[in-house]
1. Are any of the residues in the range 68-77 in contact with a Ser or Thr (Cβ under 7 Å, 6 or more places away or on another chain), outside any helix (DSSP H, G or I) and farther than 12 Å from P7 by Cα?
2. Would the range 91-103 turn up any residue that is at pLDDT below 95 and either open to solvent by less than 80 Å² (accessible area, probe 1.4 Å) or within 22 Å of S55 (Cβ to Cβ) (or both)?
3. In this structure, is I75 modelled with pLDDT of 95 or more and within 20 Å of G20 (Cβ to Cβ)?
4. So how many residues does the range 13-24 have that are open to solvent by 20 Å² or more (accessible area, probe 1.4 Å), assigned to a loop (DSSP other than H, G, I, E, B) and not small (G, A, S)?
5. What number of residues within the range 39-65 are in a helix (DSSP H, G or I), among the hydroxyl-bearing types (S, T, Y) and in contact with a helix residue (DSSP H, G or I) (Cβ under 9 Å, 6 or more places away or on another chain)?
6. Of the conditions (1) more than 24 Å from L111 (Cα to Cα); (2) under 11 Å from the mean Cα position of the chain (by Cα), P29 fails just one. Which one is it?
7. Collect the residues in the range 79-90 that are open to solvent by 40 Å² or more (accessible area, probe 1.4 Å) and either of a type outside the set (K, R) or touching a helix residue (DSSP H, G or I) at 6+ places or on another chain (Cβ under 6 Å) (or both), keeping them in residue-number order.
8. Take the range 78-112 and flag every residue that is of a type in the set (D, E, K, R), over 15 Å from A43 (Cβ atoms) and not in a strand (DSSP E or B).
Amino acid sequence: TVTLFRPVGPAELKLIEESGYSAFPPRLPGQPIFYPVLTEEYAAKIARDWNVPASGAGYVTRFRVAAGFLARYEIQNAGGRDHQEYWIPAEDLPSFNAAIRGRIEVIASFLP
């Protein structure tokens, strides 16, 4: 498995909770890509610097995904060598969720 991270706001966290911490919610219209990131530090930066101002709180989730599933996607660099993420097309999110092993954990929270 590969350990990944995802910064989320309160609305997305609520939907993750409703799934029993087993899945990420479908993307909204106009959101064609799901972006899990490779490091906790990068996820924390996004949660703190983007999610808090945009939605009042930011959270960092950690989860494991089957390596075989991720093998079909390339790691993308999003503007810096420490800003690495996978770009999962929205239509692949159900398969991504099925490849999650164990529960999605909330490992950090940021409030204004």
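The values are calculated or read from the model by the stated rules, or taken from the named source; none is laboratory data. Just so it is clear, the structure is predicted and the values come from calculations on it, not from any experiment. FYI the Cβ positions are ideal-geometry reconstructions off the backbone, even for glycines, and counts take in every protein chain you see. Surface accessibility is based on the protein's heavy atoms, side chains included, excluding ligands, DNA and RNA. Shrake-Rupley method; radii C 1.70, N 1.55, O 1.52, S 1.80 Å.
1. no
2. Checked the range 91-103: no residue is at pLDDT below 95 and either open to solvent by less than 80 Å² (accessible area, probe 1.4 Å) or within 22 Å of S55 (Cβ to Cβ) (or both).
3. No; evaluated as a whole, the condition is false for this residue.
4. Looking only at that region, the number is 1.
5. Of the residues in that region, 1 qualify.
6. Answer for P29: the failing condition is (2).
7. G79, D82, H83, Q84, W87
8. R81, E91, D92
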